[in-house]
Amino acid sequence: MKAYDAIVIGAGLNGLTAAALLARAGWRILVIEQHNEVGGLAGPGILHDHGSLCTKLLAGLRLQDHGLELTRTAAPLHAATGAGERVTLSAEAPAGGLSPDDAEGYRQYRAVCSRTVPLFRKLLLRPVPQRKADFLMLLPCWRSAAARELLHLAPLSAKDFLDQFFVHDALKAALAVPSLQAMYGGPFAPFGALAILMHEAMRGQHVVGGLPALAGVLHEAAASHGVKTRTSTQAEEILVSKAGQACGVRLATGETIATRMVAAACSPKEVFGSLLRFGAQRHMFAWRTRHLRGRGTTAHMVLDAAAPALLPCTRIAPGLEALERSFDRLKRGELPDTFALEIAAGRKAAQLSVLAHCVPYRPKGGWTDAARSELTGRVMEQLLPHLPSTAQVSQLRTPADLENEYRIPGGHCYHLEQAPDQLLVRPVPNFASPVAGLFFCGSGAHPSGSVTCAPGALAARAMAAYQKPLGRLFRNNRHI
Amino acid sequence: MTRYDVVVVGGGHNGLVCAAYLAKAGRSVLVLERRHVLGGAAVSEELYPGFTFSVASYVVSLFRPHIIRELDLARHGYHVIPMDCAFQPLHDGPGLARWTDYERTRREIAYFSRHDAEVYPEFSRVMTRMGQLAKVAIDHPPPVLGSLHPRDLRTMLRLRRAFRNLDPELQHLAVRLFTMSAADFLDLWFESPVLKGPLSASGIIGTFKGVRTPGTAYVLLHHYMGEIDGAFRSWGLSRGGTGSVSAACANAARAFGAEIRLSSPVAQVLLRNGRATGVVLDNGDEVEAKLVVSNLDPSSTLFGLVGKKHLPAATIKALSRYKYHGSSGKVNLALDSVPEFACRPGAGDHLRGDIAIAPDVGYLEQAYDEAKYGAFSRRPFINAVIPSLTDPSVAPPGKHVLSCFVQYAPYHLSEGAWEEQRDAFGDAVVDTLSEYAPGLREKILFRQVLTPWDLEQQFGLTEGNIFHGELSLEQLFFQRPTADLAHYRTPIRNLWLCGSGTHPGGGIMGASGELAAKAVLRSRHA
């Protein structure tokens, strides 16, 4: 049998994107997925940001023809500020329910975002600059006022950044939530502003039907270009030839599939930790990758409740200092009393999907049944003022569960923390690894940050460039 | 009445270095110091009969060697005794001492972890290589971002060359180093918490950040930038206390013809048509000068000496967001005899260096967690030195001076005022030390406790920040103190900054003063 041009490991949104784009260019692609459905974390709705799809990079796939529907505008964000009280923030309409000070603050906040976001998108949605030519092309960016503003704002903590605009504590806490999800740090930790601005930079049109719908659309688009998908298939090892070239994938069943390239959409930590066997990795590189950080602090819950009082896209957070205190407890391996909660519509009509941030990866004593019910109890207590009393948690995934279920060591939703030192070089610059023909195309690759599908799309480009006759000559391997 | 070319407000070490360089270039210079002693925070005072204290700043590390050369400071009394050891007492075991001698250090570390002992020399080597990169940055004025001026392009090229000189793997590490937390960075190398404790502590000194806070890792580099060979030699004690560093700078300035007046507090900067034309002293005297250079921190200079009504709105906005966040205090003790640490009894060589109470990363993080909500750490990080062991001139025979740098002590307390809590703070420090050195309390003859509030009152350090402003990434390099004040100029013509609040800032380096003087001399009006 003829070898595949590429095998994509993991049928998450990024894996499907890369597969579809490469198949469209005429490649023979196989996607292997350990679960029995596609979508990765997006399948059961563990990711909530369905407003950050990078449509421009995906334009070639004509997703609209496969049933993708986007709303005209970004979805508004609701922040619960007290029992039954709520403010609505949307980019277009002036905020509802805000005090005059906060409304003015929000106007300024949007102004800062709109000034810095175009530059930010420009920097993120392209391969990391490495060659002289890339830097020269970016020179005009650094000369702009936006660059100066971005350099000043990015290192601020979420607290310092939001204090510049807002008065209401719960509102600030609600806006700080993306930084809690992306980084391992509380709202007082520097670079929270970077995570918030990155989140804002990626916000755009909103997918109707949420991320499960998007996964379906991408899968259909990939299939229409001839991508084969094998679900319930676990990859065991990435085979590397003696010449140091990725040449196949061995499955858990023992079957081996030959391929010319491998695109890993799974966590880079998993690739380095278990898929690549010792000997394929060089010393310094192995040392560096062993210490990639991906400490997850987010738990996912499915709630059975028809909750008219609680709109999707609601964030409930107690306040910045309270969140920081929660984070302190997390650091020590204790279960905090309050969390930052994000609520979205569930997959079924009477379900809600809740993300709780500031949950320890592994509390002291482990995730025993008692610890799990303690966690759901505390989350429900926080949700109670906003919910009918019949509501109950039907499913809970702790960061440790995410690790086991999705093979993400550490259980971080974005595979790796979005700490500034793990951003542009995540996990290695420009998708290629020291193993020739092995590329990264998952959330752990550049640029990550919410659900953009950009890592998949950019990795597909890098792979296509690598395959061109002169591609190997010009590929940049300085990082190895 | 004479009109000077330059008036330097504040006789801290940076102000004196700046004055010396300006006088050396032939300008007539007057330095005005508010207190009766020179040196600002680098000052020695006899607080208790017979005992000389380095009241605030206590160790010398980074004083730029080319400044020593150019100003001939050695001849004017600059003498630093390198410290040979960094000692970390522990509750169990012998504690950990790191020596200048690698082999000795290796044996000490191997007691805790064989792996770490193997890695340690490699770590020092890598840090020294990267320290050279940082040295390029601190020895030159920061570039203007995006500027195409030849001078700025040269600076950028110089930085690029230094960067390209590193191996690719080190380049990768250097990029990450600048934004990592000290604890994460050390996790790349070491496994033993005992070693990571004191190493990571050097990333937080003077900042209101924890060892797990991003942006603290590059401060570790400061320990590997010393010009004297070896990893630890770079830290030293000045003979006669840190005040003698300032005295050497002052002698050099005087030798070049600068005039220095003590007890002359400046009330405001004289302005005419939006230009600085001199200063007014507290007693009403006016001193006229072509240029005014301020050694004070940016806020005290612009908001205090100039006044908001003379400043553009953008400057006011940017400077009001400039973070000080004083976080450290100082406890100075006069002792009857040498303190003895339970884990390593006797007054051996291990006490001659700096002694850190930082048993592990968790301890330091806990200390930070308490402080972030506005209370001083009950079990703080302490960095202590006993200068009298190496320099007997600072205490009567047989008696000793113990100088403790303490973190964290937030300037803004959530409850109460520092005046009421000063003693409780001092007690917390003595209690913490006594846990490791039993019997310390009985040896104390005299105790001075300096809280951030005291530092502000006594030394004019806004919010008690010892570096004239937090060393966080958005306030460093071409953004120190703010983007438009980063080049030693202010919006007021002929008014310049030369304090630690300008690039590179922090520590007794003298670099801010030197770079400011050179910037002044380059300008048209000098």
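With every protein chain left in place and a probe of 1.4 Å, what is the accessible surface of residue A:225, to the nearest 10 Å²?
Ignoring ligands and nucleic acids, residue A:225 comes out at about 60 Å².
First select every other residue whose beta carbon is under 12 angstrom from the beta carbon of residue A:385; then total the charges, Lys and Arg +1, Asp and Glu -1.
-1
Taking only complete DSSP H runs, can you tell me which helices of chain A stretch 18 Å or more along their own long axis by Cα positions and average at least 0.0 on the Kyte-Doolittle scale?
Qualifying helices: A:169-182, A:210-224, A:454-467.
Can you classify segment A:29-83 as rounded, prolate or oblate using the Cα gyration tensor, where a ≥ b ≥ c are the square roots of its eigenvalues, rounded means a/c under 1.5, and otherwise it's prolate if a/b beats b/c and oblate if not?
The shape class here is oblate.
Ignoring solvent entirely, what values of log10 I(q)/I(0) come out of the Debye formula for chain B at 0.07, 0.10 Å⁻¹ when each Cα is a single scatterer?
Once normalised to I(0) and log-transformed, intensities are -0.36, -0.77.
Compute the accessible area of each residue in segment A:286-304 twice, once for its chain alone and once with every protein chain present, using a 1.4 Å probe on heavy atoms, and list those whose area falls by at least 50 Å².
In segment A:286-304, residues shielded by partner chains: A:287, A:288, A:291.
Pop a pseudo-label 7 angstrom from the Cα along the beta-carbon direction at both residue A:101 and residue B:191 and give the gap in nm to one decimal.
Going from the residue A:101 label point to the residue B:191 one covers 5.3 nm.
If N is the number of residues in segment B:120-231, what value comes out of its Cα radius of gyration divided by 2.2 N^0.38 Å?
So the Cα radius of gyration is 1.13 times the expected 2.2 N^0.38 Å.
Just to confirm my numbers, what's the Cα centroid distance between segment A:436-452 and segment B:87-157 in Å?
Cα centres, segment A:436-452 to segment B:87-157: 32 Å.
Alpha carbons only, please: Rg and Dmax for segment A:90-198, in angstrom.
15.3, 50
Any idea how far the Cα center of segment B:304-363 sits from the one of segment B:61-83, in Å?
23
Helix B:243-255 sits at what angle to the longest principal axis of chain B, using alpha carbons and giving 0 to 90 degrees rounded to 10?
30
At R0 = 60 Å, how high is the FRET efficiency between residue A:380 and residue B:308 if r is their beta carbon distance? Nearest 0.05 is fine.
Using R0 = 60 Å, I get an efficiency of 0.70.
For segment B:428-524, report the convex hull volume of the alpha-carbon atoms normalised per residue, in Å³, without decimals.
141
Calculate for chain B the 222 nm mean residue ellipticity that helices alone would give, adding -39,500 (n - 2.57) per DSSP H run of length 4 or more and normalising by residue count, nearest 500 deg cm²/dmol.
Roughly -10000 deg cm²/dmol at 222 nm, from the helical runs in chain B.
What accessible area, summed over both chains, is buried at the B-A interface (1.4 Å probe, Å², nearest 100)?
Counting both chains, the buried surface is close to 3200 Å².
Can you give the Rg to Rh ratio of segment B:324-398, both from alpha-carbon atoms, with Rh computed by the Kirkwood formula?
A ratio of 1.04.
Starting from the amide H of residue A:31, placed 1.01 Å from N in the peptide plane, find each other amide H under 5 Å away whose residue is 5 or more places distant or on another chain.
Result for residue A:31 returns A:8, A:228, A:229, A:230.
From the helices alone, meaning DSSP H stretches of at least four residues, give me the mean residue ellipticity at 222 nm for chain A, per-run term -39500 (n - 2.57), in deg cm²/dmol to the nearest 500.
Calculated from helices alone, the mean residue ellipticity at 222 nm is -10500 deg cm²/dmol.
Where the accessible area of segment B:30-158 is counted over protein heavy atoms with a 1.4 Å probe, how much of it, in %, is carbon and sulfur?
54
Suppose R0 equals 25 Å; then what is the FRET efficiency for residue A:231 and residue A:290 from their Cβ-Cβ distance, rounded to the nearest 0.05?
So, using R0 = 25 Å, E works out to roughly 0.20.
Rounded, prolate or oblate, given the Cα gyration tensor of segment B:280-336, with a/c below 1.5 counting as rounded?
oblate
How far, in degrees from 0 to 90, does helix B:361-372 lean away from the longest principal axis of the Cα atoms of chain B, to the nearest 10?
40
Rounded to the nearest 10 Å², what accessible area does residue A:46 show when all protein chains are kept and the probe is 1.4 Å?
Estimated to the nearest 10 Å², residue A:46 gives 0 Å².
When the scattering of segment B:325-459 is computed by the Debye formula from its Cα atoms alone, each counted once and equally, what is log10 I(q)/I(0) at q = 0.20 Å⁻¹?
Values, matching the q order: -1.17.
When only the heavy atoms of the protein chains count and the probe is 1.4 Å, how do A:65, B:72 rank by accessible area, highest first?
Largest accessible area first, the list is A:65, B:72.
Tell me the accessible surface of residue A:313 in square angstrom (1.4 angstrom probe, heavy atoms of protein chains only), to the nearest ten.
Looks like 40 Å² after rounding.
Taking only Cα atoms, what is the 0 to 90° angle, nearest 10, from helix B:150-164's long axis to the longest principal axis of chain B?
10
Grab the beta carbon distance between residue B:268 and residue A:136, set R0 = 35 Å, and tell me the FRET efficiency rounded to 0.05.
It comes out at approximately 0.15.
Give me the one-decimal nm value for the distance between modelled label points at residue B:122 and residue B:458, 7 Å along each residue's Cα-to-Cβ direction.
Modelled inter-label distance: 4.5 nm.
Along Cα→Cβ, 7 Å out, is where each label goes; now give me the distance between the ones at residue B:320 and residue B:521 in nm to one decimal.
Label at residue B:320, label at residue B:521, 3.9 nm between them.
Can you give the log10 of the normalised intensity I(q)/I(0) at q = 0.11, 0.17, 0.20 Å⁻¹, computed with Debye over equal Cα scatterers of segment A:145-279?
One equal scatterer on each Cα of segment A:145-279 leads to -0.71, -0.96, -1.08.
Under 37 °C and 0.692 mPa s, how fast does the protein assembly as shown diffuse according to Stokes-Einstein, given a Kirkwood radius computed over C-alpha pairs? Answer in µm²/s, whole number.
D = 108 µm²/s.
How big is D, in µm² s⁻¹, for segment A:298-406 by Stokes-Einstein at 37 °C and 0.692 mPa s if Rh is the Kirkwood radius over C-alpha pairs?
So the translational diffusion coefficient is about 234 µm²/s.
Plugging the Kirkwood radius over Cα pairs into Stokes-Einstein for segment B:17-169, at a temperature of 20 °C and a viscosity of 1.002 mPa s, what D comes out in µm²/s?
Once the numbers are plugged in, D ends up at 105 µm²/s.
So how long is each side of segment B:263-385 along the principal axes, counting just the alpha-carbon atoms, biggest first, in Å?
Extents along the principal axes: 66, 34, 21 Å.
Quick check: from the Cα gyration tensor, does segment A:193-256 come out rounded (a/c under 1.5), prolate or oblate?
oblate
For chain A, take the alpha-carbon Rg, divide it by the Kirkwood Rh, and send me Rg/Rh.
Checking Rg against Rh, the ratio lands at 0.96.
Enter the accessible area per residue of the protein assembly as shown (Å², integer; probe 1.4 Å; all protein chains in place).
Using a 1.4 Å probe on heavy atoms only, each residue of the protein assembly as shown averages 37 Å².
So what's the gap between the Cα centers of segment A:20-64 and segment A:362-423, to the nearest angstrom?
Centre-to-centre (Cα) distance: 25 Å.
With an 8 Å Cα cut-off and a minimum separation of 6 or more residues, compute the relative contact order for segment B:1-54 in percent.
35
Counting only residues 5 or more places away or on other chains, whose amide H sits under 5 Å from the amide H of residue A:240 once H atoms are built in the peptide plane?
Hits under the 5 Å cutoff: A:247.
The values are calculated or read from the model by the stated rules, or taken from the named source; none is laboratory data. Small disclaimer: the values here were computed from a predicted structure and weren't measured. For neighbour counting, all protein chains shown are included, and Cβ atoms are generated from backbone atoms with ideal geometry for every residue, glycine included. Ligands, DNA and RNA are stripped out before the accessible areas are found, and what is left, the full protein with its side chains, is counted by its heavy atoms. Shrake-Rupley method; radii C 1.70, N 1.55, O 1.52, S 1.80 Å.
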